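Step one of this worksheet: look at the structure below.
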Amino acid sequence: MSKKRLSSRISRIFQNWPAKILSLAAAVLLYTLTGINTLDERHITIPVDVPVPAGLALVGQSVQKVQVQIRGDSERVWDIGEQDIQIGVDMSEIRAAGIYRRPLVITKRGNALGVDPLELTLGYEQVEVELQEYLEKTLPVIPRFTGQPAPGYQLGTTGVSPGDVRVGGPRGVLEPVQRLETASVDLSGRTGSFTQRVEILLPDERLAFSDQATVEVRGTVSESVILTSFEDVDVIVLDPPRGLQLSEIPEPGSIRVQGSQVLIERTTPDQVRLLADARTVPRPGTYRLQVRPEVPRGLLILGYTPQEVELEFQTPPVENPDNAGTETPDGSDVPGGENLP
């Protein structure tokens with residue numbers, strides 16, 4: 001190629017150069033705008049995962065969740081979810097308890113891998129964490145109950161198996177804890193013994209079980225035993241001698257018993273009596289008779305009164321046909337129905 005022809009081509013390249021530069025700038029701008037129009041943006045909130053060094057326990061952190069701005073390919077950015085981005089904390093240099101300010105670290109997973117372009121921007125750059133010495137402790141487990149057994153029944157002995165469990169956590173959180181309670185066991189309407197597996201409740205979310213998180217709660221429900229007294233109990237004279245009658249009705253007494261609340265509440269007055277046996281009375285006169293109580297089966301008699309009664313037996317007066325008088329035991333009439341002296 002001759003020098004003349006080369007010089008001619010170079011001249012044509014720089015001919016009208018301002019217009020050519022403007023054309024190039026317009027092309028670059030158009031390309032950039034086209035790229036921007038294919039990007040999309042969304043925001044999601046992701047929990048901050050703090051890896052805890054061995055022998056330490058996490059007491060608290062200044063940021064629990066962080067908002068992440070996701071900017072990328074509009075066709076793929078909406079496929080990225082919480083499970084595809086992990087927000088961690090760089091704890092690689094931490095070896096002792098204390099309070100630290102550490103940078104947040106983004107790790108892409110799943111649908112976030114291979115997306116280009118993809119920009120992830122965090123609402124926070126650092127997080128403050130507090131660490132304490134890790135402690136384990138064996139604590140007794142106490143059952144907790146709500147409600148009441150059926151009327152007339154009561155809760156007796158209770159038990160928990162196992163009776164204690166091991167719990168771990170920050171020393172300052174765990175040291176004051178002296179025992180654990182179970183979730184509530186409802187006693188409402190129960191009439192018999194039971195065994196129920198329930199969860200153990202932790203007093204602080206920073207504590208965790210070292211072994212098991214449930215126990216078996218056992219309980220005995222039986223009829224309530226109460227003491228009560230029956231008052232104004234009639235004294236019944238059994239088998240009085242033929243031809244004799246009492247001069248007056250005995251005064252009522254009382255009986256003190258112990259038994260189940262259900263049985264006592266079902267007992268009616270005619271089921272409670274004081275009995276005096278008069279079969280040994282031979283003739284008219286005054287006699288002292290022993291009294292015995294009678295109550296429904298299942299009630300324990302603790303005491304009663306009277307334990308004996310003094311009763312007078314006499315021959316009843318007999319009227320003659322014209323009601324003129326009474327007849328004495330030997331058959332003689334007494335005018336006006338008066339008793340013999």
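Read-outs throughout are calculated quantities, based only on the coordinates presented, and are distinct from any laboratory measurement. Note that the structure is a prediction, hence the values are computed from the model and not measured. Glycine gets a Cβ as well: all are built from the backbone with ideal geometry, and neighbour counts include every protein chain shown.
Computed from the alpha carbon atoms alone, the convex hull of segment 209-284 holds 130 Å³ per residue.
Inter-part distance, segment 84-98 to segment 101-156, computed on C-alpha centroids, equals 16 Å.
Under 5 Å between amide H atoms, partner at least 5 residues away or on a different chain: which partners does Ser254 have, H built in plane at 1.01 Å? When sequence neighbours closer than 5 places are left aside, the close amide H contacts are Val233, Thr305. At an R0 of 45 angstrom, the distance between the Cβ atoms of Thr158 and Asp49 translates into a FRET efficiency of 0.60.
Highest mean first, the peptides 184-196, 137-149 sorted by other C-beta atoms within 10 Å per residue fall in the order 137-149, 184-196.
Summary of packing: across the peptides 243-253, 72-82, the per-residue average of other C-beta atoms within 10 Å ranks them, highest first, as 72-82, 243-253. Amide H contacts for Tyr124 (H built 1.01 Å from N in the peptide plane; partners 5 or more residues away or on another chain; cut-off under 5 Å): Gln67.
Highest mean packing comes first when the peptides 164-175, 104-115 are listed by Cβ atoms within 10 Å, giving 164-175, 104-115. Tell me the net charge near Val59. Cut-off is 12 Å between Cβ atoms, Val59 excluded, with +1 for each Lys or Arg and -1 for each Asp or Glu. The answer is -3. What the phi angles of segment 303-315 give under the Karplus curve with 6.51, -1.76 and 1.60, with θ = phi - 60°, is a coupling list of x, 7, 8, x, 8, 8, 10, 9, 10, 10, 10, 9, 7 Hz, glycine and proline written as x. For segment 38-133, the convex hull drawn through the C-alpha positions has a volume of 88 cubic angstrom per residue. Pair-distance distribution P(r) for segment 55-200, from all Cα-Cα distances in 10 Å bins starting at 0: 9, 23, 18, 18, 17, 11, 3, 0 percent. Spin-label model, Glu136 to Glu308: label points 7 Å out along the Cα-to-beta-carbon direction sit 7.6 nm apart. The HN-Hα couplings worked out from phi for segment 229-238 by the Karplus form 6.51 cos²θ - 1.76 cosθ + 1.60 (θ = phi - 60°) are 10, 9, 9, 6, 7, 5, 9, 9, 8, 8 Hz, whole numbers, x standing for Gly and Pro.
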